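These notes are about the structure you will find just below.
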Amino acid sequence: MPSTPTPAPDDSADEATSGKGRRTPTRAEQEAARRRPLVPDTKEAKAQARTELRQRQERQRIGMANGEEKYLPVRDRGPQRRWVRDYVDAGWHVSEWIMALMVVVIIVSLIPNTLVAYWAFVGLWGFIAIAIIDMVFLGIRVNRRIADKFGKDKRERGLAWYAAMRSLQMRFMRLPKPQVKRGQYPD
């Protein structure tokens, strides 16, 4: 039986390219191709990261100012704290005028008359005493109303202090921003 001649191997064809048309990369080449920095170090990536961070911070700032619960710090979260904020924001308080009075006293103390500066400081300390008394009574009222609304055993600690410190700030400087108008006391 005549045998068919077998073709001679072609030396020009690479053995690694058979079947797929290209050679198989070595392990070192594959690892080098996959190697990239964990954090991109390009200017565009840094600029994009800064932009995203600014947008996220702006959203958090707006959310906090509007009183959205998920953006509030832990000290301002919860229904009782919200109720206290609304109660404080609904009323007029002597203590919110302390900052303005201090500025006036500083300006008055620049007058070269020592008697005027003395009485300005005496008046400021009298006003501070009245403000402290007002803050104490505000804390007592808040504790009573919270106990009536949420129950005496479920009342959070520190609500009187929270109310006093919020009343100490001028209304336009409070964060979260007031959600009620003056006179709109919560139920």
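Report whether or not A120 is of a type in the set (A, V, I, L, M, F, W, C), surrounded by 14 or more Cβ atoms within 10 Å (Cβ to Cβ), without any contact (Cβ under 8 Å) to a residue 24 or more places away in the chain and closer than 30 Å to E69 by Cβ. Show your work before the answer.
Working: of a type in the set (A, V, I, L, M, F, W, C): yes; surrounded by 14 or more Cβ atoms within 10 Å (Cβ to Cβ): yes; without any contact (Cβ under 8 Å) to a residue 24 or more places away in the chain: yes; closer than 30 Å to E69 by Cβ: no.
No: the conditions fail for A120.
Between a residue in segment 60-78 that is open to solvent by less than 40 Å² (accessible area, probe 1.4 Å) and any residue that is polar (S, T, N, Q), which pairs come within a Cβ distance under 7 Å, given they are 6 or more apart or on different chains?
That search, which allows pairs on different chains as well, returns G67/Q179.
Here's the yes/no breakdown for (1) of a type in the set (K, R); (2) in the same structural domain as S95 (by the TED database); (3) closer than 13 Å to I98 by Cα; (4) touching a strand residue (DSSP E or B) at 6+ places or on another chain (Cβ under 6 Å):
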{"position": "L110", "(1), (2), (3), (4)": "no, yes, no, no"}
{"position": "W119", "(1), (2), (3), (4)": "no, yes, no, no"}
{"position": "G123", "(1), (2), (3), (4)": "no, yes, yes, no"}
{"position": "F127", "(1), (2), (3), (4)": "no, yes, yes, no"}
{"position": "N143", "(1), (2), (3), (4)": "no, yes, no, no"}
{"position": "G151", "(1), (2), (3), (4)": "no, yes, no, no"}
{"position": "K177", "(1), (2), (3), (4)": "yes, no, no, no"}
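Tally up the residues in segment 142-157 that are exposed (fewer than 14 other Cβ atoms within 10 Å of the Cβ) and free of Cβ contacts under 8 Å to residues at least 40 places away in the same chain, please. Write out each step before concluding.
Restricting attention to segment 142-157, the residues satisfying the condition of being exposed (fewer than 14 other Cβ atoms within 10 Å of the Cβ) are 144, 148, 151-154, 156-157.
With free of Cβ contacts under 8 Å to residues at least 40 places away in the same chain added as a condition, the list becomes 144, 148, 151-154, 157.
Counting residues in segment 142-157 that are exposed (fewer than 14 other Cβ atoms within 10 Å of the Cβ) and free of Cβ contacts under 8 Å to residues at least 40 places away in the same chain gives 7.
Taking the condition among the aromatic types (F, W, Y) and open to solvent by 50 Å² or more (accessible area, probe 1.4 Å), does W83 pass? So that I can check it myself, show each step before the final result.
On the way: among the aromatic types (F, W, Y): yes; open to solvent by 50 Å² or more (accessible area, probe 1.4 Å): no.
The answer is no for W83.
Please state which of the following conditions M173 fails to meet, knowing it meets all the rest: (1) exposed (fewer than 12 other Cβ atoms within 10 Å of the Cβ); (2) in contact with a Ser or Thr (Cβ under 6 Å, 6 or more places away or on another chain).
Here M173 meets the rest and fails (2).
The values are calculated or read from the model by the stated rules, or taken from the named source; none is laboratory data. Keep in mind that what you see is a predicted model, and the values were worked out from it rather than measured. When we count neighbours, we look across all protein chains shown, and the Cβ atoms used for this are built from the backbone with ideal geometry, even at glycine. These area figures cover heavy atoms from the full protein model, side chains too; ligands, DNA and RNA do not enter into them. Shrake-Rupley method; radii C 1.70, N 1.55, O 1.52, S 1.80 Å.
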